[in-house]
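A quick write-up on the structure given underneath.
The values are calculated or read from the model by the stated rules, or taken from the named source; none is laboratory data. Note that the structure is predicted; figures quoted are calculated from it, not measured. Here the Cβ is made from the backbone with ideal geometry for all residues, glycine too, and neighbour counts use every protein chain on show.
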């Protein structure tokens, strides 16, 4: 197997069955961020606001924009941005 093949079979790059995309959660759901896809300006802004792997968030409103609670602040995310955030639902 060459290096290119080994990168494609790396299980760390795939999402786990108990992980969802943020835009799949509903109002009232809580989750922990597990992966952020991309490093463009929108994602870097969110990361600067405190959205990072391991951070717990709450969905205040499902829709477009999706409203989350992040470190005590309400943050609106477009559906496209929310789709690029992989989360693990918290058990209530």
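Data overview
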{"quantity": "Residues of the range 12-33 that turn out to be without any contact (Cβ under 8 Å) to a residue 60 or more places away in the chain, outside any strand (DSSP E or B) and within 16 Å of residue 90 (Cα to Cα), as a count", "calculated": "5"}
{"quantity": "In the range 59-92, residue farthest from residue 43 (Cα to Cα) [restricted to those that are in a helix (DSSP H, G or I) and without any contact (Cβ under 8 Å) to a residue 40 or more places away in the chain]", "calculated": "80"}
{"quantity": "Any pair with Cβ under 8 angstrom, 6 or more apart, that starts in the range 34-58 at a residue that is closer than 9 Å to residue 70 by Cβ and ends at one that is part of a loop (DSSP other than H, G, I, E, B) and modelled with pLDDT of 95 or more", "calculated": "49/71; 50/71; 55/71; 57/51; 58/28; 58/29"}
{"quantity": "Residue within the range 39-52 that is within 13 Å of the chain's Cα centre (by Cα), in a strand (DSSP E or B) and surrounded by 14 or more Cβ atoms within 10 Å (Cβ to Cβ) present", "calculated": "no"}
{"quantity": "Residue selected from the range 54-92 under the condition loosely packed, with under 13 Cβ neighbours inside 10 Å and closer than 14 Å to residue 31 by Cα, by the criterion nearest to the chain's Cα centre (by Cα)", "calculated": "54"}
